[in-house]
């Protein structure tokens with residue numbers, strides 16, 4: 001059976017947002033915070049525009065879309081890999097989907113978060129944009145080594161109908177006898193109307209199963225993960241260009257903390273807008289574990305965040321970088337406008353600190369406004385001291401590799417105490433005279449127990 005999917009996205013579909021975006025900037029500039037706004041702007045622009053000043057309403061709506069499976073969130077890290085993102089071999093314990101009736105752990109190809117969302121995006125696009133009078137799903141099973149082919153229709157959530165003409169393996173693996181699906185296999189042999197051939201049985205009538213795994217295990221004569229062995233099919237479908245599209249979003253926090261080339265693999269090409277399913281230069285690739293033909297639909301958006309100040313991260317390679325639109329997010333001083341603590345203008349203080357940081361380092365290491373947002377609800381000197389002691393000073397230590405002279409230059413002597421040290425006052429005289437470790441002039445630095453904000457200029 002030749003299977004094809006044809007759809008074209010026209011100019012009237014309201015696809016105004018870039019398909020691939022990365023919000024980048026220093027820490028505390030609201031990158032992750034703003035992914036909620038970006039996501040809602042893509043999925044439900046009217047709601048976002050009507051409620052963009054109501055943070056609670058936006059968060060509640062965001063959570064609704066997450067629960068509905070339209071938004072997925074993942075954080076990259078150094079150990080994150082292709083197998084988790086696209087597909088890989090996964091251990092399936094007894095009782096879990098694909099191994100419901102097994103007696104031991106099995107290993108099967110498992111879809112990663114991006115592949116799952118891509119398939120869901122494509123499936124829901126088709127569901128919303130066809131005139132079909134039902135939501136039936138069609139699947140095929142093709143085990144070439146066994147000369148077995150079968151078709152199945154999912155009539156509803158618990159009704160999986162193997163179609164007349166499908167083949168069932170005549171024999172079975174010995175290990176299959178220990179599983180409950182083996183008993184089901186015997187029931188099918190006794191009750192189904194089957195035509196016997198030399199190597200297989202042929203269903204002469206449709207036959208109902210309770211799950212995809214039950215159907216594939218019986219047909220193949222071995223334990224099977226139905227989500228893997230059954231492949232959903234989409235017959236020739238043409239979609240009107242002006243139909244509404246149900247958009248999906250994958251948010252990747254800290255996108256550059258992972259090995260991006262390794263994680264994305266062949267997706268580096270597939271995510272390009274011109275190579276998406278439905279585009280004029282549509283490309284699909286055969287995945288290495290499942291051998292599935294895979295492409296990325298045009299209603300799947302990727303939102304990433306990238307902290308420019310993190311010196312432990314890997315750089316994005318040029319090939320991947322050109323496939324994203326980068327949106328720089330710098331400290332927004334305006335959100336601190338009018339915020340004062342004990343006569344201290346927080347906006348002016350942060351502005352001066354960032355001027356000094358940028359001079360001594362660069363603007364990628366400035367300090368975001370988010371560090372001071374707690375003062376909106378608790379504008380006390382105690383809270384301000386807590387921010388500096390537990391957030392700002394440790395961050396500056398990280399930036400300047402514990403160069404306290406630079407930290408002193410940024411904050412001033414109201415925060416950092418600089419003391420000259422006489423070696424003779426702390427070392428035995430015999431070590432002071434000729435030691436190569438002794439400097440004539442030496443200063444030590446201490447964080448003051450009590451900050452003097454009034455001295456900051």
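Summing -39500 (n - 2.57) over the DSSP H runs of n ≥ 4 in the chain and dividing by its residue number, what mean residue ellipticity at 222 nm do you reach, to the nearest 500 deg cm²/dmol? Please report the intermediate quantities before stating the final value.
Working: 16 runs with 134 residues, N = 457.
Per the formula, -8000 deg cm²/dmol.
If we count other beta carbons within 10 Å of each Cβ, what is the order of 35, 269, fewest first?
In increasing order of surrounding Cβ atoms, one gets 269, 35.
Work out, in µm²/s and without decimals, the Stokes-Einstein translational diffusion coefficient of the range 133-236 at 25 °C, 0.890 mPa s, Rh from Kirkwood over C-alpha pairs.
The calculation lands on 180 µm²/s.
Compute the relative contact order of the range 133-236 as a whole-number percentage, counting only Cα pairs closer than 8 Å that sit 6 or more residues apart in sequence. Display every interim value, and only then the final one.
On the way: 196 pairs, mean separation 32.4, N = 104.
With pairs under 8 Å counted, the relative contact order is 31 percent.
Given axes a ≥ b ≥ c from the Cα gyration tensor, I'd like to know whether the range 258-383 is rounded (a/c under 1.5), prolate (a/b larger than b/c) or oblate.
Numbers: a/c = 3.35, a/b = 2.72, b/c = 1.23.
Prolate is the answer for the range 258-383, as a/c is 1.5 or above and a/b outweighs b/c.
Relative contact order for the chain using alpha-carbon pairs under 8 Å, separation at least 6, rounded to a whole percent?
Reported as a whole number, the value is 21 percent.
To one decimal place, what orientation-averaged projected area in nm² is obtained for the convex hull of the Cα set of the range 333-455?
8.9
Quick one: Cα centre-to-centre distance for the range 183-228 and the range 434-457, in angstrom?
Each part's Cα centre sits 79 Å from the other's.
Quickly rank 413-420, 444-451 as a protection proxy: mean count of other C-beta atoms within 10 Å, highest first.
413-420, 444-451
Order the peptides 343-351, 297-305, 50-58, 162-170 from the highest to the lowest mean number of other Cβ atoms within 10 Å of their residues.
Order by mean packing, descending: 297-305, 162-170, 343-351, 50-58.
Could you tell me whether the chain comes out rounded, prolate or oblate from its Cα gyration tensor? Rule is a ≥ b ≥ c as square roots of the eigenvalues, rounded for a/c under 1.5, then prolate if a/b exceeds b/c, otherwise oblate. Present the calculation step by step, with values, prior to reporting the outcome.
Values: a/c = 3.14, a/b = 2.14, b/c = 1.47.
It comes out prolate by the Cα gyration axes.
In whole angstrom, how far apart do the alpha carbon centroids of the range 371-411 and the range 278-304 sit?
45
Bear in mind these aren't lab numbers, they're just calculated from the coordinates by the rules spelled out. Fair warning: this is a prediction, and the values are worked out from it, not measured in the lab. Here the Cβ is made from the backbone with ideal geometry for all residues, glycine too, and neighbour counts use every protein chain on show.
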